[in-house]
Amino acid sequence: MSGPRQLTVSVAVEDVHKAYHGRAQQIVALESITMTVRSGEFLAVVGPSGCGKSTLLMLIAGLLPPTRGAIAIDGRPVAGPYTDVGIVFQRDVLFEWRTILGNVLLPAEIKRLSLPASRERALHLLDEVGLAGFEDRYPYELSGGMRQRVALCRALIHDPPLLLMDEPFAALDAFTREEMGAYLLRLWHERSTVIFVTHSIEEAVALADRVVVMSPRPGRIVEAVDVGLPRPRGLDVKEDRRFHDVVHTIRELFKARGMLWEKTPEIAGRGR
Ligand SMILES: Nc1ncnc2c1ncn2[C@@H]1O[C@H](COP(=O)(O)OP(=O)(O)OP(=O)(O)O)[C@@H](O)[C@H]1O
Ligand SMILES: [Mg+2]
């Protein structure tokens, strides 16, 4: 395996509240969030739209300050933008005027890492996600799934100890989405701590060690569910009985709080 180091970090979120000041009123996005992500853990966060999942990732990355409470990475308080992090957003946000290789190399350039070594790593990452030979192409020449694979390589180019993913595969079709999960597991190699936000319970269970279930806004943690499936994992994890048991447990948690309806989707969609 290539790459310079094996290093992950822990993340501690302690009684965090976040309120936004809208034009007319204050919107409480998160209320009393306390959680610890172990070093090297793959944590998924699931919850309804608007419950503060993206806000939580922004707070952890130091891109927004909490209204109350504190966040620490490896015991050090997050006081401003945290740079030892890879972030993958819901939309791939590639720079259209840069080549595929140029896009992947961007974080390495910003962090002033050795360019020849970064270039070699970028080509290796692109190869691992099936994009060898595409390095000199431009984003507009790629499909949505290919673009998101480039965004994944870019997030990993500097071998970040922390990877934050905000519904990274939500815009993709079901088949490509499954494929992306497999690519992520292959590239991740248990070399980063991961916080992965998704609307899909199945995706969360297939990928994560633990799934944090959130309530509707103001977002609170309802429960953290251990997945307990062995690694390394592939897509065949979805054929495992334990996979279905954990998915069922999480669905029941949502149902018990009126957050999932089996037969009346028009009610479930209300409030979006
Ligand atoms: N900059 C902002 N100003 C005011 N309100 C905001 C701002 N950003 C988010 N909010 C509000 O805070 C709440 C949480 O938003 P957030 O984007 O974190 O939710 P989310 O769980 O990521 O939702 P989704 O699943 O739809 O992406 C929402 O009610 C949203 O309207
Ligand atoms: Mg969001």
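The values are calculated or read from the model by the stated rules, or taken from the named source; none is laboratory data. As the structure is a prediction and not an experimental result, all values here were calculated from the model. Using ideal geometry, Cβ is built from the backbone for each residue, glycine included, and neighbour counts are taken over all protein chains shown. In case anyone asks, the SASA skips ligands and DNA or RNA and just uses the protein heavy atoms, side chains included. Shrake-Rupley method; radii C 1.70, N 1.55, O 1.52, S 1.80 Å.
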Inset, instruction - Give, rounded to the nearest 20 debye, the magnitude of the charge dipole that the chain has about its Cα centre when Lys and Arg contribute +1 at Cβ and Asp and Glu contribute -1 at Cβ. - result: 680 debye
Inset, instruction - Enter the accessible area of Met146 (Å², nearest 10), with the probe set to 1.4 Å and all protein chains included. - result: 40 Å²
Inset, instruction - Taking only protein heavy atoms into account and a 1.4 Å probe, give the accessible area per residue of segment 145-270 in Å². - result: 44 Å²
Inset, instruction - Taking only the C-alpha atoms, wrap a convex hull around segment 1-111 and report its volume per residue in Å³ as a whole number. - result: 158 Å³
Inset, instruction - Express the Stokes-Einstein translational diffusion coefficient of the chain in µm² s⁻¹, to the nearest whole number, given a Kirkwood radius over alpha-carbon pairs, 10 °C and a viscosity of 1.306 mPa s. - result: 82 µm²/s
Inset, instruction - Find the accessible area per residue for segment 1-142; the probe is 1.4 Å, ligands and nucleic acids are left out, and the unit is Å². - result: 53 Å²
Inset, instruction - Keeping every protein chain in place, order Arg241, Arg98, Arg137 by accessible area at 1.4 Å, biggest value first, i.e. largest first. - result: Arg241, Arg137, Arg98
Inset, instruction - Report the accessible area of Phe175, computed with a 1.4 Å probe over the heavy atoms of all protein chains in place, in Å² rounded to the nearest 10. - result: 150 Å²
Inset, instruction - Show His158, His21 ordered by accessible area, largest first, where the area counts protein heavy atoms only and the probe is 1.4 Å. - result: His21, His158
Legend entry - Surface accessible to a 1.4 Å probe, Thr36 within the full protein complex, Å²: 80 Å²
Inset, instruction - Take the eigenvalues of the Cα gyration tensor for segment 140-272, scale each by 5, and report the square roots as semi-axes in whole Å, largest first. - result: 26, 18, 15
Inset, instruction - Calculate, for Asp240 and Leu106, the FRET efficiency according to 1/(1 + (r/R0)^6) with r their C-beta to C-beta distance and R0 30 Å; round to the nearest 0.05. - result: 0.20
